[in-house]
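Here is the structure we will look at.
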Amino acid sequence: MAYINVEMGQLKIGKNEDILTAYGIGSCVVVICYDRFNPIAGMLHGILPEKPAKKNNENRYINSGIENLIKILLANGVSIKNIDAKIFGGASMFDIRASGNTIGERNINMAKEILKKKQIKIIGEDTGSNYGRNIEFSVLTKIAFVKSFAKGIKQI
């Protein structure tokens, strides 16, 4: 068993008894896609909703990061029809509202839009509100532990 930390703008894969972790999730969105039958999963820690045309580091962005996450799972033998997802984060950490939605809301909306297009079902989520989260996801059990000062520990 290994703890695999996924920092902002990263995407990592875990297998068997690995635990995928992400800490200090505020307006970022963590997307976990996993094989519902086999112990393999990937975690994306996206920062912004959409990748601008001429930017690198696709995993910083929700839209291109989810595409990469799915490609990596498929390359590891996962069938697209067996992928489920869980999403976390997207908080409004500051009471600042420019025109339209906050970055957190835009990140959540983008994640849901891309997963829907890929016909990947969101099995669980803990998104929005105004508090940060830490995530620990067990690849084997497919259970995410969401830890926050505001809400304690939740299993999703």
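Please determine, by comparing only the residues of segment 67-83 that are charged (D, E, K, R) and under 15 Å from Gln10 (Cα atoms), which one is farthest from the chain's Cα centre (by Cα).
Ranking the qualifying residues of segment 67-83, first place goes to Lys71.
Could you look through segment 11-51, keep only residues that are in a strand (DSSP E or B) and of a type in the set (D, E, K, R), and pick out the one that is surrounded by the fewest Cβ atoms within 10 Å (Cβ to Cβ)? Before the answer, list the steps.
Looking only at segment 11-51, we keep the residues that are in a strand (DSSP E or B), and these are 11-15, 19-25, 29-35, 40-46, 48.
Next, only the ones that are of a type in the set (D, E, K, R) stay: 12, 15, 35.
Working: Lys12: 20, Lys15: 15, Asp35: 20.
So, considering only residues that are in a strand (DSSP E or B) and of a type in the set (D, E, K, R), the one surrounded by the fewest Cβ atoms within 10 Å (Cβ to Cβ) is Lys15.
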Condition (residue is under 30 Å from Phe149 (Cα atoms), touching a Gly at 6+ places or on another chain (Cβ under 8 Å) and surrounded by 14 or more Cβ atoms within 10 Å (Cβ to Cβ)) applied to segment 52-60: is it met by at least one residue? yes
Within segment 65-93, the residues that are over 17 Å from Ile32 (Cβ atoms) and assigned to a helix (DSSP H, G or I) are Ala75, Lys81
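Out of all the residues in segment 124-154, which are among the β-branched types (Val, Ile, Thr) and free of Cβ contacts under 8 Å to residues at least 60 places away in the same chain?
Hits for segment 124-154 are Thr141, Ile143, Val146, Ile153.
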Mind telling me which of the residues Ala22, Ala85, Ala111, Ala75 ends up being closer than 25 Å to Ser138 by Cβ and without any contact (Cβ under 8 Å) to a residue 12 or more places away in the chain? Ala75
Lone unmet requirement of (1) of a type in the set (A, V, I, L, M); (2) at pLDDT 95 or above; (3) surrounded by 14 or more Cβ atoms within 10 Å (Cβ to Cβ) for Ile103: (2)
Can you confirm whether Met8 is assigned to a loop (DSSP other than H, G, I, E, B), aliphatic (A, V, I, L, M), modelled with pLDDT of 95 or more and within 27 Å of Ala150 (Cβ to Cβ)? yes
Filter segment 115-132 down to the residues that are closer than 14 Å to Ile70 by Cβ and of a type in the set (D, E, K, R) and list them by number. Lys116, Lys117, Lys118, Lys121
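Yes or no: Lys116 modelled with pLDDT of 95 or more, of a type outside the set (Val, Ile, Thr), under 16 Å from Leu11 (Cα atoms) and within 15 Å of the chain's Cα centre (by Cα)? Outline the logic, then answer.
On the way: modelled with pLDDT of 95 or more: yes; of a type outside the set (Val, Ile, Thr): yes; under 16 Å from Leu11 (Cα atoms): no; within 15 Å of the chain's Cα centre (by Cα): yes.
Criteria not met by Lys116.
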Residues satisfying the stated conditions in segment 51-86, i.e. under 20 Å from Ile25 (Cβ atoms) and among the polar types (S, T, N, Q): Asn57, Asn59, Asn63, Ser64, Asn68
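The values are calculated or read from the model by the stated rules, or taken from the named source; none is laboratory data. These figures come from a predicted structure and were not determined experimentally. Neighbour counts run over all protein chains shown; Cβ positions are idealised from the backbone, glycine included.
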